[in-house]
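The values are calculated or read from the model by the stated rules, or taken from the named source; none is laboratory data. Since the structure is predicted, the reported quantities are computational estimates derived from the model, not experimental observations. No Cβ is skipped: glycine too gets one built from the backbone with ideal geometry, and neighbour counts run over all protein chains shown.
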Amino acid sequence: MNQMTKNLIYTLGVIVLLAIPLIASDFLTTMIIRIMYYSLLAIGFAFLAGQLGLISLAIPAFMAVSGYTIGILETRGLLSFPFSVLAAMLMVLVIGAVFGIFVNRSQGIYFLMLTLILGQIVWAIVLQWASFTKGSSGIIGIEKPDIMKWRLGETEVGFYYILLVCFILIVLAVLALTRSSFGLKLKGIRESETRMKMLGYPVARLKWTAFMISAFISGTAGVFFVYYTGVMHPSSINLDSAAMVLIASIFGGVQSIIGAILGMSIIKTFEISLSGLTQRYLIIIGTMFLLVIIYAPKGLMGLIYKNKYMQSLYQHWYRGGKKDE
Amino acid sequence: MMLNEGVRNLSQSFKCCSILFMFILVIAFSVGCSSETGTNESSSANETGAPNDHHAEQNDENGETAEESTDNGEIHIGVVGPMTGGFAVYGENVVRGVELALDEVDHQFDGREIVLHAEDSQADVEQLVTKLDSLKQRDGVDVIIGPSTGDEGEAAVQWAQNNQDILIMPGYSAPEDLTMREQTPNLIRAGWTDSQTIFHFGQFVTDELGYEKIIMVGQDYAFPWGQAAGFKRGFYENGGKEVYTIWHPTDTLDFSSILGEIQGLADEYDAVMYNGGGADAIAFYNGWEQYGMDQHYPQLLAGTNVADVPILSEISTHFEGVYSSMHYSEDLDHEENIKFRESYREKYGEEADAIVLQGYDTMKVILQALEQTGGETSDVEQLRETILSLEINDSPRGPFHFDEYGQAVQNIYIKETKVVDGQLQNEVVKTYEAVSQFGPYEGWEEEYMSQPPNARDFPADTAEEYFEHLAEYFGQDYIDELEANGGWAE
């Protein structure tokens, strides 16, 4: 495929994405917005899982940190947009840094257990420190800032465009990261941590940085989540949501970022469209997950990358096309 | 070797088959979804035809209502609530109640079919908002019934504020602020509030039973907090001295430590009240019996949900004589209630409870309002006025109407459990008529709402602290009047 067609395809893609809120129904737009911010969570997860081979169950905890920071600051009138968002992201980085210190020397199942505990601690604090977080009543009344309410004609498009830009930037940035020398070092750690140590790389610091990046991406998801739903509630960040991120990412294929997005899109689409048809939709999603795990252990993307052309794309995106040369 | 290859071939083809099967499944579902919406659109397009053309044109000016009017042939009712997970009964029973009410009219209104869309919120507020959006945008429903738990209610009121063009009527959701401090014109509740059902129970416990110091064990979330608040107000303002509260996380099934603590306090306190619901309540009853707590306390009191039908059928007849209060009692002997319980038993083979009742009543209210508006639902303001002016006299719970905030004003029954035919059943011992959500504070609405919302530790645990707060918001005059009357005036 030559450069020309490629550019054409990209331009078309961008135009379609930009036009969605204008041409599609409200329902479809809402669904795409939800898929995008949940995909950010999945990207945060897949970055750690794919690059480092670490399964983190603390992903929703960072969504909680940014969401609750914004919720508390804005509903109490302490700070408003955009400073509340800055404060929230700062908070995510601080908490990410602290959590990172706890987990960066562990691997495998121990990492999973530690992040599980940290995630549950955040959840428990949010639930029980009722005077601060309103506990199980949840924080309500968080308003979208004006810039996100920007209208183009009749339709409100501000939120969608801001989310879309952030989403694309994050995807491109993460893809670039995986190709960078930093990404290669992370892959080295995934393959053999002791060898990387022996070669003189600061393994703990690299893992810590990767953890922070993942926390940052999840925190961004929290910002959009809280502005879009207008509520922040412990049920959104409990173990179920951690499991949801895990399942969606594995479903799509955890070794690739695109796979995580695909998995989350399928799970969310099915959840919304199936639940209108039957109350037992969770069984159907569960069965699908089972089939994927048995017959495509690398997820849906693993299936797709078996195709030669798609494989070359994979090499291009994740390895800078090095294998082809 | 041959065998090995055969097996490999077999597994290969099996693999292919199952992948194929999965994709067929995916495609089938997506086609299923789209074809459903497709037929909806086409059928409504047919029916919108000539007579409604001017109507559609009219609505074209404000985009969103135009969408609704495309469904003119059918009336769409959305129900949202938890249908899976630990709270599932609160969602499913509301749906059953709604279906029962629709059965009575044969799912028809004025020749138009009434279509029900039930959505699962998983008791998760993000899911709830998603499903509310789906109901409105995808299914184009005219009225939404739901949600059903306290946390969801708080989120739903926010959603209602942002979506003023659709009426939402909570199913079993009880936080009083839905129709009080955060009230919005498009939310009307034909159900209960957490405090409304229990204000007078506090009064009853101190006036009639003569208790001054109570231990309250409750689940640690919004609904029991609201119940505790209403109870404490009635209790303190009529002479109660102290309510010692012990909060436990939901899904506690072992009460040994709490019961141990309570046993040690038996000399100081007069009675114990359990303020929770679901499996926790059953576990509490069982623990109470196993630890022989009757020897230490003469009386067990119960929050509104604790002595409802589904729980009574799960515990032993040992618990005769438990007092509680609610806006419904299964033993009410007027005709509507008997008919309601019979038809429910016939359809589902179970006993109806208050959750079913609220789904049923909410749907009946909507039907009555539709009759008055001629099936018109797009004008929410008109619909609200119609509903607020209704006088419901045929409800199984007794007569009720709505206050200006959109909350039902109804009878509150003090109930006592009795063994009837070897089965526990509630019996009404006292009725307080036409109690509003402000209970005894009618005429003091502004003062009541100027207080902070009910919380885990508000109102306080002792009468002394309570009256300090009360003086701050209601003024000393109110307290003097209380003292002169010796409590609430009857």
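Checked against the criterion of being more than 11 Å from every other protein chain (Cβ to nearest Cβ), part of a helix (DSSP H, G or I) and closer than 16 Å to residue A:69 by Cα, the candidates A:221, A:176, A:210 yield just one match: A:221.
Here is a check on your reading of the model: is residue A:44 buried (at least 16 other Cβ atoms within 10 Å of the Cβ) and part of a helix (DSSP H, G or I)? For residue A:44, the condition - buried (at least 16 other Cβ atoms within 10 Å of the Cβ) and part of a helix (DSSP H, G or I) - is met. The condition of being among the hydrophobic types (A, V, I, L, M, F, W, C), surrounded by fewer than 24 Cβ atoms within 10 Å (Cβ to Cβ) and in contact (Cβ under 8 Å) with a residue 24 or more places away in the chain holds for residue A:57.
When A:249, A:235 are checked against the criterion of being outside any loop (DSSP other than H, G, I, E, B), among the small types (Gly, Ala, Ser), within 28 Å of residue A:115 (Cβ to Cβ) and away from chain B (no Cβ under 14 Å), A:249 stands alone in meeting it. Summed over region B:181-225, residues that are within 17 Å of the chain's Cα centre (by Cα), away from chain A (no Cβ under 14 Å) and aliphatic (A, V, I, L, M) total 3. Which ones in region A:270-304 are out of contact with any helix residue (DSSP H, G or I) (no Cβ under 6 Å at 6 or more places or on another chain), part of a loop (DSSP other than H, G, I, E, B), surrounded by 15 or more Cβ atoms within 10 Å (Cβ to Cβ) and facing another protein chain (nearest Cβ under 8 Å)? Scanning region A:270-304 gives A:276, A:279.
When residue B:87 is tested against (1) under 26 Å from residue A:270 (Cβ atoms); (2) touching a helix residue (DSSP H, G or I) at 6+ places or on another chain (Cβ under 7 Å); (3) assigned to a loop (DSSP other than H, G, I, E, B), exactly one condition is not met: (2).
Meeting the requirement of 1 or more residues that are of a type in the set (Asp, Glu) and surrounded by fewer than 16 Cβ atoms within 10 Å (Cβ to Cβ), the helices (runs of 4 or more DSSP H) wholly within region B:201-299 are B:256-264, B:278-290. Report whether or not residue B:119 is within 7 Å of chain A (Cβ to nearest Cβ), modelled with pLDDT of 85 or more and buried (at least 24 other Cβ atoms within 10 Å of the Cβ). Here the answer is yes, as residue B:119 does meet what is asked.
Taking residue A:34 as the residue in question, decide whether it is exposed (fewer than 15 other Cβ atoms within 10 Å of the Cβ) and closer than 25 Å to residue A:139 by Cα. In short, no. Residues in region B:394-415 that are surrounded by fewer than 16 Cβ atoms within 10 Å (Cβ to Cβ) and closer than 17 Å to residue B:354 by Cα: B:394, B:399.
Mind counting the residues in region B:186-200 that are surrounded by fewer than 24 Cβ atoms within 10 Å (Cβ to Cβ) and of a type in the set (Asp, Glu)? Qualifying residue count for the region: 0.
When residue A:311 is tested against the conditions (1) surrounded by fewer than 23 Cβ atoms within 10 Å (Cβ to Cβ); (2) touching a residue at least 40 places away in the same chain (Cβ under 8 Å); (3) of a type in the set (S, T, N, Q); (4) away from every other protein chain (no Cβ under 14 Å), the lone failure is (2). Filtering A:183, A:135 for residues that are within 14 Å of chain B (Cβ to nearest Cβ), surrounded by 14 or more Cβ atoms within 10 Å (Cβ to Cβ) and farther than 22 Å from residue A:37 by Cα leaves a single hit, A:135.
Across region A:150-173, the number of residues qualifying as under 30 Å from residue B:149 (Cβ atoms) and either within 14 Å of another protein chain (Cβ to nearest Cβ) or not aliphatic (A, V, I, L, M) (or both) comes to 2.
The residues in region B:159-175 that are more than 11 Å from the chain's Cα centre (by Cα), within 14 Å of another protein chain (Cβ to nearest Cβ) and in contact (Cβ under 8 Å) with a residue 12 or more places away in the chain can be counted, and the count is 6.
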